[in-house]
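What follows is a short report on a single structure.
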Amino acid sequence: MDIKNKKQKKQPTPPLTRSDDSMVKETETEHVDMLGESAFPPEFRVSEIKNKQRRHLMFMKLKLEKRKQRMAMKKKKKKERDALGDKAPPKNVPKTIENQRIYDETTVNPEDEEVAFDEGTDEFSAYFNRLTHPKVLITTSDRPRGRTVRFCRQLATVIPDAHVYYRKGLALKKIIPQCVARGFTYLMVINEDRKVPNGMVLCHLPDGPTAHFKVSSVRLRKEMKRRGKDPTEHSPEVILNNFTTRLGHSIGRLFAALFPHDPQFVGRQVHKDITSERFVLYIFKNEQRVGIQELGPRFTLKLRSLQKGTFDSKFGEYEWILKVNSCDLYDC
């Protein structure tokens, strides 16, 4: 009697064999075919399917059909153009940020004498005359979290001669004189909100200017797919495009003075599109084709304000401020 009353132990299910796996795939394909055969009204939406598995399979099937239609239309247009030859109509130009850009009246002419005079007497003239060498100090807000600390460390690997120091509760007004005394030409402060980096203060030393950026879409190296190896110690190249307005010209010179004068082309490392920062490695596939491989980290910068001189939240003179509901940009 005791033996009968004992609960029987559940036996573990055996692993799927090749035959079982093929049977499961066949049932899934049959299920997709059944979904395709069912007729839905034109107003029906896939999101209205309540069953999660059925909704996912239907969505994947519709996505595959749309892709096939696009490929068929592309091949059809290509055949038509080949048949017409020289009589084929010109291709449609895709809409990009560059060709949709509205002309700005403050666009700077590089050959203008006034612009050349300003470049020779501004705060970055010592760098462009090769009198100073960039040296960067990277710090954070008070009590930074792990993600912000890792972001600062990775920034130090892509900016030559950059050093990371913890802030330890010091005010920026006390940090700036120490940086100047130790020969630093830049102070970079990474702020955070809810454990995520959300702001950057970039101060050029010793006379300014100071730029405040909003930081978004931060991706560290481990979070990036198909990234390359860690960057080397070679001085990278810097590509600064479309910094053509008065404000853009100042920001472009601010970023240019952040890196050494002579890039080491042997390293093949490039800082591309500084405002949407991409640190890439280019690879020569052949004489005509060049491939790029992103090294990271990746982030996006949006200018919030540009201030004359070094950082001063109370009595500083601003050259430009982003108008966002008249809020205080420096509440830190």
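Determine the per residue accessible area of the range 118-321 with all protein chains present and a 1.4 angstrom probe, expressed in square angstrom.
Numbers: 11120 Å² over 204 residues.
Counting only protein heavy atoms, the per-residue value for the range 118-321 is 55 Å².
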task = Would you mind giving the three semi-axes, in whole Å and largest first, of the ellipsoid equivalent to the range 98-209 according to its Cα gyration tensor?
result = 30, 21, 13
query = Given the alpha-carbon gyration tensor of the range 118-321, what are the semi-axes of its equivalent ellipsoid in whole angstrom, ordered largest first, with each equal to the square root of 5 times an eigenvalue?
reply = 27, 21, 16
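Tally Lys and Arg at +1 and Asp and Glu at -1 over the other residues with C-beta under 10 Å from the C-beta of residue 228: what net charge comes out? Before the final figure, lay out each step's value.
Working: positive: 221, 226, 227, 229; negative: 230, 294.
Charge balance in the 10 Å sphere: +2.
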ask   = Taking the alpha-carbon set of the range 165-204, what are its Rg and Dmax in Å?
value = 11.1, 34
Rounded to the nearest 10 Å², the accessible area of residue 60 at probe 1.4 Å = 90
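Over the range 73-130, with every protein chain in place, what whole percent of the accessible area is carbon and sulfur at 1.4 Å, could you tell me?
Details: 2940 of 5580 Å².
That fraction is 53 percent.
The values are calculated or read from the model by the stated rules, or taken from the named source; none is laboratory data. Worth saying up front: this structure is predicted, and the values here are computed from it rather than measured. Cβ coordinates were reconstructed from backbone atoms using ideal geometry, including for glycine residues, and neighbour counts include every protein chain displayed. Accessible surface is based on the protein model in full, side chains and every heavy atom, while ligands, DNA and RNA are left aside. Shrake-Rupley method; radii C 1.70, N 1.55, O 1.52, S 1.80 Å.
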